[in-house]
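Here is the structure we will look at, set down as structure tokens.
The values are calculated or read from the model by the stated rules, or taken from the named source; none is laboratory data. Here the structure is a predicted model, which is why all the values come from computation and not from measurement. In this analysis, Cβ positions are derived from the backbone assuming ideal geometry, glycine residues included, and neighbour counts consider all displayed protein chains.
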Amino acid sequence: MTLEPALMAKARAALTSVYGFSAFRPGQEEILSAILDGKDVLAVMPTGSGKSLLFQLPPIVREGLTLVVSPLIALMRDQVAQLRELGVEAAALNSSTDPDERRRIARGLKERTLRLLYIAPERLLRDDVIAYLKGFEIGCLAIDEAHCVSQWGHDFRPEYLRLREVVDALEGVQTIAVTATADAPTRDEIAEKLFARRPRVFVRSFDRPNLFLAMRPKSNATRQLLERLDAHRGESGIIYCASRRRTEELAEELSRMGRRALAYHAGLDHAVRAANQDAFLREDGCIVCATIAFGMGIDKPDVRFVFHADMPSSIEAYYQEIGRAGRDGLPADTLTLYGAGDIELRRRQIADSGASDERKRVETGKLDDLVTLCETARCRRQTLLAMFGEDSAPCGHCDVCNGAVRLVDGRIEAQKALSAVLRTSGRFFFGHLANILAGKPTEAIERHGHDQLKTFGVGRDRTPAGWRGVLRQLQSAKLIVRDEEDRDRLVVTEEGRRVLKGETPFALREDVLTPGRKRGERKVVEPGDADAALLAALKGLRGAIASAQKQPAYVIFPDRTLIEMAKERPDTLDDLASVHGVGEVKLEKYGPAFLAVIRDHAHG
């Protein structure tokens, strides 16, 4: 008879007593049950859904040791700090671990008091480290950011390919792998390369309903970003840029406008880079203008916005990057600016790379998906989730659903484009079709005789770039799709044929047809009816404590906890214990100080 039901009861109790949470988040309990039952598990869950709890809670409940493989020192440092604040024995072993901490780790291993040991994959793979760890009883190996094992992914780490050696060296230790981004082929790759046994695979919805999704064609990117930032005074966020130079220029511009803005890229001096990252983690209202070098391992829950000054590299990269906003579950804002230059630059990068033709084809398909998302006339969330194989209804929480994207009658344009697809037997893709429609006599068009088609030049009122935008919207609306049995062929769907015959209407985005026109900006949802003055006072106390302890503010309490305090105004420690995120250790450590602020405010 399994002990799992009894362990789950302990897990529920620890969830409240240690973390201060009243209930599991959707999807957590079923996965934890499998882990506590000794199963190997691969869990794919969106950022902010509580993946870390899946490997943090079992060693607390089972009182064993879990090794956590993590790719970045910053992530280890933050998670260890948060666990220690909760009263959980945790430590990190990496290149920055000082001798005193090493001795503390050795003592914790010997006395079997250490519950979680975070370790970088490079260090874990050293023969002396594996030999040393084999001398202790290890209950579980947890691999965070497991998508890094995929050579086809956007975050490939070569050292992840060798982690199976660790599993084997530890004699088939229970293995857990978690990630926020893994499509079906990537999941198969993770299962094959990391596990000694076939794992139970859990895939939760990729939806992040608290994120507002918006995209705009670039006109004046700096002005567009400044306008959007007006709704985020005093809030922390990330602005991703395509170049190192752009991060510095934008940070300087925002600083001149009175914002706390810092640059971050791999070319900065290491000390400057570390100081800027620490400032972002520890301060409220700090903006980081960064390349993609910044992000993985950033566990800051109160990032209220993620903007892209330039188009991301792929759908997966976009999802991963916006996923750094709103990890606390509160409303967060996203905005992506894109332009024809971004798209063409990415196409050239793919074409000029030394990758195989197969890899180039895959990368081009990912780029096409991203541009489709940028230019879709459908609900953005619906379009994005469909790219991850997930069906959904219109969300009501994106710029398209909220009417910020104006739609116009596009039946004539759709009919012209669909006719071009059919007259070329679907064997030519968007660039070639756009040249046919615009009447541009390229060498390829003349070679195939396509300058003799009735559709040649039927859309001379638009540029080839404009027609590519129309074709991408047809693809987003599923009027044309790639043939499942022949990926090099486009097929007009039944819905597409109805539009072609004039039997059903079709709308196109006006800003794709006439780019650069300014649209209304959305106001970000405010955090309910929390008392603003009390919330500011609570944040002030949190900031003072965090500064004194040299910790990020959210390690003391996340924003969600302070907002709930400001709404509920607990008067006693018992009342405060019922607030989300207030566990037993934090209640004893910080409860009296925060109650004093609440009482002072009531009597002020």
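Selection of the range 369-388 for residues being in a loop (DSSP other than H, G, I, E, B) and under 14 Å from Tyr319 (Cα atoms) yields only Phe388. Number of residues in the range 292-315 that are touching a strand residue (DSSP E or B) at 6+ places or on another chain (Cβ under 9 Å) and crowded, with 19+ Cβ neighbours inside 10 Å equals 15. Considering the range 435-457, the residues that are out of contact with any Ser or Thr (no Cβ under 8 Å at 6 or more places or on another chain) and hydrophobic (A, V, I, L, M, F, W, C) include one that is nearest to Ile412 (Cα to Cα), namely Phe456.
Please go through the range 159-186 and pick out each residue that is among the charged types (D, E, K, R), within 23 Å of the chain's Cα centre (by Cα) and at pLDDT 90 or above. Give the derivation first.
So in the range 159-186, the residues among the charged types (D, E, K, R) come out as 159, 162, 164-165, 168, 171, 183.
Okay, now just the ones that are also within 23 Å of the chain's Cα centre (by Cα), so 159, 183.
If the condition is that a residue be among the charged types (D, E, K, R), within 23 Å of the chain's Cα centre (by Cα) and at pLDDT 90 or above, then Glu159 is the only one that fits.
Could you list, in sequence order, all residues of the range 566-604 that are without any contact (Cβ under 8 Å) to a residue 40 or more places away in the chain, more than 23 Å from Ala14 (Cβ to Cβ) and among the aliphatic types (A, V, I, L, M)? Correct list: Ala566, Leu595, Ala596, Ala602.
In the range 106-129, the qualifying residues are those that are exposed (fewer than 15 other Cβ atoms within 10 Å of the Cβ) and closer than 17 Å to Glu171 by Cα, and the one that is nearest to the chain's Cα centre (by Cα) is Arg126. Restricting attention to the range 451-504, the residues that are within 16 Å of Thr372 (Cβ to Cβ), assigned to a loop (DSSP other than H, G, I, E, B) and either of a type in the set (A, V, I, L, M, F, W, C) or touching a strand residue (DSSP E or B) at 6+ places or on another chain (Cβ under 9 Å) (or both) total 3. Taking helices (runs of 4 or more DSSP H) as the structural unit, those lying wholly within the range 536-604 and holding at least 1 residues that are over 22 Å from Ala81 (Cα atoms) and in contact with a helix residue (DSSP H, G or I) (Cβ under 7 Å, 6 or more places away or on another chain) correspond to 559-568, 573-577, 584-603. On inspection, Gln382 qualifies as in the same structural domain as Ile343 (by TED's automatic domain parsing) and either at pLDDT 90 or above or buried (at least 22 other Cβ atoms within 10 Å of the Cβ) (or both).
Can you confirm whether the range 17-25 contains a residue that is in a helix (DSSP H, G or I), in contact with a strand residue (DSSP E or B) (Cβ under 9 Å, 6 or more places away or on another chain) and modelled with pLDDT under 95? So that I can check it myself, show each step before the final result.
The initial filter retains those residues of the range 17-25 that are in a helix (DSSP H, G or I), namely 17.
Pick out the ones that are also in contact with a strand residue (DSSP E or B) (Cβ under 9 Å, 6 or more places away or on another chain) and you get none.
No; the residues of the range 17-25 include none that is in a helix (DSSP H, G or I), in contact with a strand residue (DSSP E or B) (Cβ under 9 Å, 6 or more places away or on another chain) and modelled with pLDDT under 95.
Quick grid of which residues meet (1) closer than 29 Å to Ser17 by Cα; (2) at pLDDT 90 or above; (3) crowded, with 21+ Cβ neighbours inside 10 Å:
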| residue | (1), (2), (3) |
| --- | --- |
| Glu503 | no, yes, no |
| Glu521 | no, no, no |
| Ala537 | yes, no, no |
| Arg542 | yes, yes, yes |
| Gln549 | yes, no, no |
| Ala566 | yes, yes, yes |
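Look through Ala317, Ala293, Ala355 and report the one residue that is without any contact (Cβ under 8 Å) to a residue 24 or more places away in the chain and more than 20 Å from Ser219 (Cβ to Cβ). Let's see the steps before the verdict.
Numbers: Ala317 fails: without any contact (Cβ under 8 Å) to a residue 24 or more places away in the chain; Ala293 fails: without any contact (Cβ under 8 Å) to a residue 24 or more places away in the chain.
Answer to the selection: Ala355.
Taking the criterion of being at pLDDT 85 or above and over 21 Å from Phe307 (Cα atoms), no residue of the range 359-376 qualifies.
All of (1) closer than 21 Å to Leu384 by Cα; (2) outside any helix (DSSP H, G or I) hold for Ala317 with one exception: (2).
Based on this model, can you work out whether Thr561 counts as within 34 Å of the chain's Cα centre (by Cα) and not assigned by TED's automatic domain parsing to the domain that holds Gln82? Can you show your working first?
On the way: within 34 Å of the chain's Cα centre (by Cα): yes; not assigned by TED's automatic domain parsing to the domain that holds Gln82: yes.
Against the criterion (within 34 Å of the chain's Cα centre (by Cα) and not assigned by TED's automatic domain parsing to the domain that holds Gln82), Thr561 qualifies.
Out of the residues in the range 408-429 that are assigned to a loop (DSSP other than H, G, I, E, B) and hydrophobic (A, V, I, L, M, F, W, C), which is nearest to His448 (Cα to Cα)? Write out each step before concluding.
Within the range 408-429, the first condition is being assigned to a loop (DSSP other than H, G, I, E, B), and the residues that meet it are 410, 424-429.
Now restrict to residues that are hydrophobic (A, V, I, L, M, F, W, C): 428-429.
Details: Phe428: 11, Phe429: 14 Å.
My answer is Phe428.
Of the residues making up the range 443-480, just one is closer than 30 Å to Asp391 by Cβ, among the aliphatic types (A, V, I, L, M) and at pLDDT below 85, namely Ala477. For the range 323-368, a residue qualifies if it is under 17 Å from the mean Cα position of the chain (by Cα) and part of a helix (DSSP H, G or I), and exactly one does: Lys366. Inside the range 381-419, residues that are more than 17 Å from Val371 (Cβ to Cβ) and β-branched (Val, Ile, Thr) make up a count of 2. Out of Phe206, Phe212, one residue alone is closer than 30 Å to Val44 by Cβ, out of contact with any Cys (no Cβ under 8 Å at 6 or more places or on another chain) and crowded, with 22+ Cβ neighbours inside 10 Å. It is Phe206. Taken together, the criteria exclude Leu42 from residues that are outside the structural domain of Ile556 (by TED's automatic domain parsing), surrounded by fewer than 21 Cβ atoms within 10 Å (Cβ to Cβ) and not acidic (Asp, Glu). Residue pairs whose Cβ atoms lie under 8 Å apart, separated by 6 or more positions or on different chains, with the first residue in the range 33-45 and touching a residue at least 60 places away in the same chain (Cβ under 8 Å) and the second surrounded by fewer than 21 Cβ atoms within 10 Å (Cβ to Cβ) and among the small types (Gly, Ala, Ser), are Asp40/Ala196; Val41/Ala34; Leu42/Ala191; Met45/Gly27.
Can Asp78 be described as without any contact (Cβ under 8 Å) to a residue 12 or more places away in the chain and part of a helix (DSSP H, G or I)?
no
Among the residues of the range 237-253, those identified as out of contact with any Phe, Trp or Tyr (no Cβ under 9 Å at 6 or more places or on another chain), touching a residue at least 24 places away in the same chain (Cβ under 8 Å) and either not assigned by TED's automatic domain parsing to the domain that holds Pro312 or not hydrophobic (A, V, I, L, M, F, W, C) (or both) are Ser243, Arg244, Arg246, Glu248, Glu253.
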